[in-house]
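Comments concern the structure below.
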Amino acid sequence: MKLSRSVSWFLLAFGVWSWFIWITFVKNLWQDASGLAFDDAGDPSGYFWVHLLLAVTSFVLGTVIGVIGLRGLRALRREQGPGTGNGQGTGSRS
């Protein structure tokens with residue numbers, strides 16, 4: 001399967017965005033003062049474990065999707081070959 005450049009960039013951006021968003025979420029979850037994530041004794045609650053599992057799953061999916069995008073971009077670069085798309089080797093000297 002061949003991915004277009006725009007789809008590859010979208011997938012890579014999604015992977016990076018996923019890591020950024022979910023790292024922020026886990027930090028906020030860990031520092032939760034509302035009483036949802038931790039009970040009165042300071043032990044993690046069901047809310048904490050469910051959301052941590054959601055975050056870990058999103059990390060894994062974001063990584064896989066980002067790697068697919070990165071591989072698509074690398075394949076497109078290899079397909080272009082050396083000297084194409086960068087202004088070199090596109091003309092003859094007189």
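The values are calculated or read from the model by the stated rules, or taken from the named source; none is laboratory data. Bear in mind that the values here come from a model prediction, so they are computed numbers and not experimental data. Here the Cβ is made from the backbone with ideal geometry for all residues, glycine too, and neighbour counts use every protein chain on show. Heads up: the accessible areas ignore ligands, DNA and RNA and are worked out on the full protein's heavy atoms, side chains in. Shrake-Rupley method; radii C 1.70, N 1.55, O 1.52, S 1.80 Å.
In degrees, nearest 10, range 0 to 90: what is the angle between the Cα axis of helix 46-80 and the longest Cα principal axis of the chain?
0
Just check the chain against the gyration tensor rule for me: Cα atoms, a ≥ b ≥ c as the square roots of the eigenvalues, rounded for a/c under 1.5, and otherwise prolate or oblate depending on whether a/b exceeds b/c.
In terms of gyration-tensor shape, prolate.
I want to check the label-to-label distance for ILE23 and ARG78. Put each point 7 Å from Cα in the C-beta direction and report it in nm to one decimal.
Label-label distance for ILE23 and ARG78, simple model: 2.9 nm.
What whole-number value in Å² describes the accessible area per residue of the chain for a 1.4 Å probe?
Result: 77 Å² per residue.
Can you tell me the relative contact order of the chain? Whole percent, Cα pairs under 8 Å, sequence separation 6 or more.
Answer for the chain is 44 percent.
How would you order 8-19, 49-60 from highest to lowest mean count of nearby Cβ atoms within 10 Å?
Averaged packing, sorted descending, gives the order 8-19, 49-60.
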